[in-house]
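Quick note: the coordinates plus some simple rules give every number you see, no bench work behind them. None of the values given here were measured: they were computed from a predicted structure. With ideal geometry, Cβ positions are generated from the backbone for all residues, glycine too; neighbour counts draw on all protein chains shown.
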Amino acid sequence: MYWSGTGNTEAMAAAVAEGARARGAEVSILTAAEFSPEQAGECSAIAFGCPSMGSEQLEESEFEPMFTACEGKLRGKSIALFGSYGWGGGEWMRNWEARCRADGADLACESVICNDAPDDDALASCRELGASLA
């Protein structure tokens, strides 16, 4: 599940799904507006994608409220994180990872971030992330 303002994180989500499907996983690609805490509880694994916004933070109008609502369902769940950024050094991803660990989530693999639009290497890393999560 993801939020994307420019299409960068959406492209990453498609690559994550491709990698998971290649490993035989059943995959649904949903936006933050389409995803609910109930769905988080039903999933065996979740890849969350969100770009860095503002001063290196998660998108606040749709993604942050949705993710906050899901946090109680993450304990013991395999998850993976991905997203793009246009400035900064990736602190938003480190903070997000720490938040997920504090929620008791199992980060199944290294998170994937890329600067601006994902290049071939970033998309390959996203496919690997999906395969690892599957």
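Assess whether G24 counts as being part of a helix (DSSP H, G or I) and more than 12 Å from the chain's Cα centre (by Cα). Steps first, please.
Details: part of a helix (DSSP H, G or I): no; more than 12 Å from the chain's Cα centre (by Cα): yes.
No; evaluated as a whole, the condition is false for this residue.
May I ask you to say which residue of R94, R101 is in a helix (DSSP H, G or I), surrounded by 13 or more Cβ atoms within 10 Å (Cβ to Cβ) and basic (K, R)? Even if it seems obvious, please write down each step before you answer.
On the way: R101 fails: surrounded by 13 or more Cβ atoms within 10 Å (Cβ to Cβ).
Result: R94 is the single residue among R94, R101 that is in a helix (DSSP H, G or I), surrounded by 13 or more Cβ atoms within 10 Å (Cβ to Cβ) and basic (K, R).
Are any residues in the range 51-91 over 21 Å from L133 (Cα atoms), small (G, A, S) and crowded, with 21+ Cβ neighbours inside 10 Å, and if so, which ones?
Residue satisfying the conditions is S52 alone.
Have a look at A108, A80, A122, A117 and point out the one that is under 13 Å from the mean Cα position of the chain (by Cα) and closer than 18 Å to P51 by Cβ.
Numbers: A108 fails: closer than 18 Å to P51 by Cβ; A122 fails: under 13 Å from the mean Cα position of the chain (by Cα); A117 fails: under 13 Å from the mean Cα position of the chain (by Cα).
Selected residue: A80, the only one of A108, A80, A122, A117 that is under 13 Å from the mean Cα position of the chain (by Cα) and closer than 18 Å to P51 by Cβ.
Looking at A40, A45, which is the one that is buried (at least 19 other Cβ atoms within 10 Å of the Cβ) and either under 15 Å from the mean Cα position of the chain (by Cα) or under 20 Å from V27 (Cβ atoms) (or both)? So that I can check it myself, show each step before the final result.
On the way: A45 fails: buried (at least 19 other Cβ atoms within 10 Å of the Cβ).
Criteria check complete, one pass: A40.
Name, by its number, the condition in (1) under 19 Å from W3 (Cα atoms); (2) without any contact (Cβ under 8 Å) to a residue 24 or more places away in the chain that does not hold for D120.
Every listed condition holds for D120 apart from (1).
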